[in-house]
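The values are calculated or read from the model by the stated rules, or taken from the named source; none is laboratory data. Nothing here was measured: the structure is a model prediction, and the numbers come from that model. Positions of Cβ are generated from backbone atoms using ideal geometry, with glycine treated the same way; all protein chains shown enter the neighbour counts.
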Amino acid sequence: MEMFIMSLTIFVLAIFVGVEVINKVPPTLHTPLMSGTNAISGIVVVGAILSSGGSEHTTVLSTVLGVAAIVLATINIVAGFMVTDRMLNMFKKK
């Protein structure tokens, strides 16, 4: 139970830090920030693939959570690149 509370505390603190960092970024830098977020999602996909892979310590729960992380991170990556492409097309001269 103590590990759960510590993990939850770190998660909540990470949310607050993320919100503060995003609020401090000027609007002109949002596109590069989104590209960086897409790269982080790619790392999440790799981690989820490794954690849901077969080993002697793999449980059904870790496999299900790993597959869910793979699906959600892949959706996030594709949507992020689509939005980034749309934003970059707004700056192209016609």
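Residue pairs whose Cβ atoms lie under 9 Å apart, separated by 6 or more positions or on different chains, with the first residue in the range 73-94 and modelled with pLDDT of 80 or more and the second exposed (fewer than 11 other Cβ atoms within 10 Å of the Cβ) and not in a helix (DSSP H, G or I), do not occur. With the structure loaded, tell me whether VAL71 is among the β-branched types (Val, Ile, Thr) and over 21 Å from THR84 (Cα atoms) or whether it fails that test. Spelling it out, it is not the case that VAL71 is among the β-branched types (Val, Ile, Thr) and over 21 Å from THR84 (Cα atoms). In summary, helices (runs of 4 or more DSSP H) completely within the chain and bearing 2 or more residues that are more than 16 Å from the chain's Cα centre (by Cα) and either exposed (fewer than 13 other Cβ atoms within 10 Å of the Cβ) or among the basic types (Lys, Arg) (or both) occur at 2-24, 60-90. With respect to the conditions (1) more than 21 Å from VAL19 (Cα to Cα); (2) at pLDDT 80 or above, LEU50 lacks only one, and its number is (2).
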